[in-house]
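The values are calculated or read from the model by the stated rules, or taken from the named source; none is laboratory data. On a predicted model such as this, the values are computed, not experimentally measured, just so you know. Backbone-built Cβ (ideal geometry, glycine too); neighbour counts: all protein chains shown. Areas reflect the complete protein model, heavy atoms only, side chains present, ligands, DNA and RNA absent. Shrake-Rupley method; radii C 1.70, N 1.55, O 1.52, S 1.80 Å.
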Amino acid sequence: MKILIFGMGSIGQRHVRILQSLSRKDIEIGAFRSRKFNWVISDKLGADLDKDPCEHYEIKCFYDIEEAFAWNPDIAFITNPISMHIETAILAAQNNCHIFIEKPLGSSLEEAQELLAITKEKKLCCMVGYQTRFHPAYIRIKNLLENNTLGSLTHASLHFGEWLPGMHPYEDYRISHAAKKNQGGGVILCLSHEVDLAYWLFGKPSSV
């Protein structure tokens, strides 16, 4: 099984570590990189700023997209900047890859429909990584709500905040994708885990 990671930032490297921890001998991992940052990032977001991640993890590295797909990957992990997620996912689907996409999928309904059509036609698996839905605490809350254990719900008030300089302490937050609207930055997309949880637990809003 060949797995191609698009983007070797903190999330891309985390997926590499998780895949390698599975101890499956049939997994080969490659990475397509458009930026040549030499940093290895830990789970605690510490970074070695002078180390090639592909060499560190002993995986294949591609800088040419055609060469990457010529490797014939079975699965694509989309972990590049937010603004590139759905474009990359469509390309991966066109090349017959099953797909795991880091949140958010994107902001274009037309592109989302195009991706859906391709994956249906080719019978590909495609999932967006809203992993907080699988946390035992949130699953417990959802069960309580669905079973009316606490009675009828009349109101939900949610607050979530993030300190931008703390998200990627190894880089200047002012140049990160999270700080740039044209790269998919901003609360609606960057913090969409919380938006997703809100309507997963309490239903879609009747008005916005």
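Exactly one residue among 18, 86 is in a helix (DSSP H, G or I), of a type in the set (A, V, I, L, M) and under 26 Å from residue 186 (Cβ atoms), and that residue is 86. What do you reckon, is residue 97 open to solvent by 70 Å² or more (accessible area, probe 1.4 Å), under 17 Å from the mean Cα position of the chain (by Cα) and modelled with pLDDT of 95 or more? In short, no.
Contact map, the stretch 9-28: residues that are under 19 Å from residue 78 (Cβ atoms) paired with residues that are among the aromatic types (Phe, Trp, Tyr) and surrounded by 15 or more Cβ atoms within 10 Å (Cβ to Cβ), Cβ distance under 6 Å, separation 6+ or inter-chain. Pairs shown: 15/77; 16/57.
One line per residue, one yes/no per condition, for (1) surrounded by fewer than 17 Cβ atoms within 10 Å (Cβ to Cβ); (2) at pLDDT below 95:
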| site | (1), (2) |
| --- | --- |
| 16 | no, no |
| 23 | yes, yes |
| 37 | yes, yes |
| 42 | yes, yes |
| 56 | yes, yes |
| 66 | yes, no |
| 72 | yes, no |
| 82 | no, yes |
| 85 | no, yes |
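Take the conditions (1) closer than 25 Å to residue 64 by Cβ; (2) open to solvent by 80 Å² or more (accessible area, probe 1.4 Å); residue 3 misses just one of them, which is (2). Quick one: would you say residue 76 is assigned to a helix (DSSP H, G or I), open to solvent by less than 30 Å² (accessible area, probe 1.4 Å) and closer than 24 Å to residue 121 by Cβ? When the stated conditions are applied, residue 76 does not pass them. Among the residues of the stretch 114-173, those that are part of a helix (DSSP H, G or I), among the aromatic types (Phe, Trp, Tyr) and within 22 Å of residue 204 (Cβ to Cβ) comprise 134, 138.
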